Amino acid sequence: MAKATKATTTGSKVVTKVTRKFVAKLNKFVEERSLYNLYKKLVEEARTEIFAEIGEEAQVLTHNGVEVAIIVKVDKKRVNLTTLEKEWPEAYQACLEVAPEYHIRKATPKQ
């Protein structure tokens, strides 16, 4: 697999030349990410509609005497960062860390 080569640095950006094959891979990534976000939104909307109709409680759903779904209550533990920051700011600051992330976004071609 051919690697991209760093070409030049302009201002605060590193400009890297990539192959046509890489651009196709990038386009596929952008399309798949778009679909992921769409489906994630659709799943949340469907979940909201279902719970609006049957209520949020543990239950077994049946149709014509056949089980079609089981709603199970699951208690997940999580840290409420807002409360931690408000009530114990020193502990919040002590636990706060910066983790760099690199986001990929498609560039709009200049005209």
May I ask which of LYS41/LYS77; LYS13/LYS110; LYS28/LYS106 have a Cα-Cα span longer than 20 Å here?
LYS41/LYS77
With θ set to phi - 60° and the Karplus curve 6.51 cos²θ - 1.76 cosθ + 1.60, what are the ³J(HN,Hα) couplings of segment 57-68 in order, to the nearest whole Hz, using x for Gly and Pro?
7, 5, 6, 10, 9, 10, 9, 6, x, 10, 5, 10
Please compute the length gained on full extension between ARG33 and LEU61, using 0.36 nm multiplied by the number of residues separating them and subtracting their Cα-Cα distance.
6.8 nm
Cβ-derived FRET efficiency at R0 30 Å, ALA24 paired with ARG47, nearest 0.05
0.30
Taking the inverse of the average 1/r across all pairs of different Cα atoms in the chain, what Kirkwood radius in Å do you get?
20.3
Write down Rg/Rh for segment 36-87, rounded to two decimals, with Rg from the C-alpha atoms and Rh from the Kirkwood relation over Cα pairs.
1.15
Of the residues VAL23, TYR36, ALA58, the Cα lying farthest along the dipole of the chain towards its positive end, which is defined by charges on the beta carbon of Lys, Arg, Asp and Glu, belongs to VAL23
Residue by residue through segment 98-111, which ³J(HN,Hα) values in whole Hz follow from phi under the Karplus form 6.51 cos²θ - 1.76 cosθ + 1.60 (θ = phi - 60°), with glycine and proline marked x?
9, 10, x, 10, 10, 9, 9, 9, 6, 7, 8, x, 6, 9
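Computed from the coordinates by the stated procedures, all read-outs in this text should not be read as laboratory data. These numbers come from a predicted model, not from an experiment. All Cβ positions, even for glycine, are placed from backbone atoms using ideal geometry, and neighbour counts span all protein chains on display.
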